1. Please name all residue pairs, on different chains or six or more residues apart, with Cβ atoms under 9 Å, provided the first residue is in region B:326-353 and is more than 7 Å from chain A (Cβ to nearest Cβ) and the second residue is at pLDDT below 90.
2. Out of the strands (runs of 3 or more DSSP E) lying entirely within region A:315-411, which hold 2 or more residues that are surrounded by fewer than 23 Cβ atoms within 10 Å (Cβ to Cβ) and more than 26 Å from the chain's Cα centre (by Cα)?
3. Would you be able to say whether some residue in region A:381-390 is in contact (Cβ under 8 Å) with a residue 40 or more places away in the chain, within 15 Å of residue A:337 (Cβ to Cβ) and within 8 Å of chain B (Cβ to nearest Cβ)?
4. If you check residue A:260 against the conditions, is it part of a strand (DSSP E or B) and either surrounded by fewer than 22 Cβ atoms within 10 Å (Cβ to Cβ) or over 20 Å from the mean Cα position of the chain (by Cα) (or both)?
5. Among what's in region A:26-40 and is touching a helix residue (DSSP H, G or I) at 6+ places or on another chain (Cβ under 8 Å) and part of a loop (DSSP other than H, G, I, E, B), pick the residue that is nearest to the other protein chains (Cβ to nearest Cβ).
6. Taking region B:2-56, which residues are on the phi > 0 side of the Ramachandran plot and within 14 Å of chain A (Cβ to nearest Cβ)?
7. Could you identify the single residue in B:252, B:219 that is under 20 Å from residue B:183 (Cα atoms) and within 15 Å of the chain's Cα centre (by Cα)?
8. Please go through region B:265-305 and pick out each residue that is within 15 Å of residue B:231 (Cα to Cα) and surrounded by fewer than 24 Cβ atoms within 10 Å (Cβ to Cβ).
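The values are calculated or read from the model by the stated rules, or taken from the named source; none is laboratory data. Quantities reported herein were computed from a predicted structural model and do not represent experimental measurements. Here the Cβ positions follow ideal geometry from the backbone for every residue, glycine too, while neighbour counts run over all protein chains shown.
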């Protein structure tokens, strides 16, 4: 067996599995064979200052400033935040608020740039040499370049690279599962830029101080596996590709780690606590760009697909490009397009406003027709248990939903609500089309709100109590001072009276 | 270019719907039902159609009273399926009121009294069967010899109407149809099993269905084929059928080995159409069975064991309805104790410890 795996390369690792999961129609054929293409410069670019998990960046430019491509225009604030750079050269026409690429469409701080068409680079960051760069150098460069997790979670990548100081790390898992249907951006990236992606992986492994590298690719991406194989092999004897089954949600960090290592992350913990760090393949590519060429994260590969778009494609899009421009580049939407999504069809966000920009975490822009999307008609639960069997977290969605409908959020938490990863497998499989995951997200939001309310109330109470204590102390001090004063006055009076009496007696005596 | 739909994720769906599941079950029931209708002729056809029509009628009536959308709920196929299952268990030449009463009990008491689709604790078809058995013991145990619809002796359509809707009961009825019933009365009369068996139907006839019996329960083979098709369509899993059949087979094998003259052999038990129908079509009812595989295994074993006990020592030769109802009552309890293990936690709900992997 050992000989066999030595001959066939490193992809014959032992695979583990997780319970549940679903098998949605992949529909990747729509865009799988379209090469990555560049888009012409858009006429307007809107760069939100919050494209990542954490605190929003602080704007460094003002209206009418001229910016160069790659120039830092938003500075990370605090430890969990990310730098923002100008995607092209041009004039800043507004530093204000604009609708977020989110279903709410709420305004977020945004820098609007009118490109000058020259696409002129500013000074790039100095290149790092793999031979001399220290782990700290690499992590610092990743931070400077504003790189975030590009699978959609957008967690600042440098924070994860710096975890080596906190945990005893041994393995880097590259998440190239791309389990969401339709999306092919990571697939194309690995097929066309395998060497660059692997170079980035090498830098990340160096920054983390690990030698064991597992690149996990779903079995429906044979071409990507073939393209990556020799380059991954060059990363070291302990680096290899693991072909994982095509199963949603394989790309969920903890489920992927379980599949490729057999280790199950304990509830409420990080994979890092087991010595394993997971990064996305597109993040590795961005790291390569930043470390080798000093280029910050100002563009990304986006899959534009769905039967509601005329020409499905994989496009390299500048961060901040409005969705309308991206869709126009792909021939626009067909008449049947019924909903527009950012991300994949399982967890993607519905969007109405076409002027919102592509951001660092946008891996897909999907225009779906009514025929390929879930309807909103729901029937009563028939207790078929399909949701229970499909849940990758071992939860009982139908029971949780009943409790939430009855407004018993504590009961729902008791049966595992907080262990739900919102993957949507239950809603996907439900024959009655009940919005299960939607109920769980609602309940989680409501719980968070309650918690923050409670926190706020406690804080108010604490402050009120502190103020009362302060006032009491002041009053007490005043009272004491007053008493002291009174006592002193009384003493003085008594002394004076005694003195007067003594004087009187002595005067009387003298008179006698 | 504008998009108006703002539904929350997921936007994809498996396309398996409630009505698709219901229709699949009906398709898989069709061969055994067709065989029954063919065997028992026009009276059976009348009874079958009447049960389905009254089930749908009661469904619409209940929806009207409950003030629900009739077009949406009456078309999900669940009422027709319930009616179908009730009809399968009726004596084929039973009078019309048995059909109407059966459908009424199933839909009104079995289903809507609990709150409609998905809310019932007990399997509606089995509620109807159990209540009919108790309320109308004579009508529910009048069987006829199979006589294919094409044969010269079979009643014509008009004669059939008279049998179903008239008071005509002068057909050649036999009161103890099922072999198991015959065995039981024989044993009670003090005869040995081999004596009784020599008079009964051959195993082959029982498997294929050339025996008197309920409308749709005579052909064990066709029920098995339909059930396996249902598994193949992924409408049901094999857990419940295997545990029901397995526990009946195991218990009867043990009993038969210990006392061959008292207990019927396992193949005799397994050749019963009612058992096969229960294993694949009744016990697997989504609403009234547990939701996890472990729970379903416990539930299936419970049904199998109860069927064996009731058939062997009980007063009713047919234990299916009562076994299913008894285990239906246990379903909420089973569900509470057989929740799956949550990812990252042990069975007790405590987070796993690092390095130990999964429990």
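1. The qualifying pairs are B:346/B:352; B:346/B:353; B:346/B:358; B:346/B:359; B:347/B:359.
2. Numbers: elements: A:337-342, A:349-351, A:364-369.
Per the criteria, no element qualifies.
3. No - not one qualifying residue is present in region A:381-390.
4. No, not satisfied.
5. Looking at residues that are touching a helix residue (DSSP H, G or I) at 6+ places or on another chain (Cβ under 8 Å) and part of a loop (DSSP other than H, G, I, E, B), I get A:27.
6. Our first condition is that a residue be on the phi > 0 side of the Ramachandran plot; within region B:2-56, this holds for B:15, B:41.
If the condition is that a residue be on the phi > 0 side of the Ramachandran plot and within 14 Å of chain A (Cβ to nearest Cβ), then B:15 is the only one that fits.
7. Numbers: B:252 fails: within 15 Å of the chain's Cα centre (by Cα).
Just a single option satisfies the conditions, and that option is B:219.
8. Residues satisfying the conditions are B:286, B:293.
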